[in-house]
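A.B. asks: Please read through the structure below; I'll follow up with questions.
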């Protein structure tokens, strides 16, 4: 499965193991259904991200450097 067109910089899986979020230098944030091996959403951003996290309520936080976006 090709996830990104450039290096992946951040990844997190929710606590149920169903969803995964990846971020990369291709300026994309992608949300995946791990069980179905399918991309659910992709967001284009004006910059590459370095960190991502999924909360217990499935909110996604992305960051570059010390700034949460």
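What follows draws every value from the coordinates through simple rules; no lab data is involved. This is a predicted model, so every value here is computed, not measured.
A.B. asks: Run the numbers for residue 63 and residue 50: contour at 0.36 nm per residue of separation, minus the present Cα-Cα distance, in nm.
C.D. replies: The span from residue 63 to residue 50 would gain 4.1 nm if fully extended.
A.B. asks: Could you please state, rounded to a whole Å, how far the C-alpha centre of segment 2-27 is from the C-alpha centre of segment 42-67?
C.D. replies: Between the Cα centres of segment 2-27 and segment 42-67 lies a distance of 10 Å.
A.B. asks: Let me ask something else about it. Please compute the volume of the convex hull spanned by the alpha-carbon atoms of the chain and report it per residue in Å³.
C.D. replies: Per residue, the Cα convex hull of the chain comes to 77 Å³.
A.B. asks: Okay, next question. Would you mind calculating the relative contact order of segment 8-68 from Cα pairs under 8 angstrom and at least 6 residues apart, reporting the percent as a whole number?
C.D. replies: After rounding, I find 30 percent.
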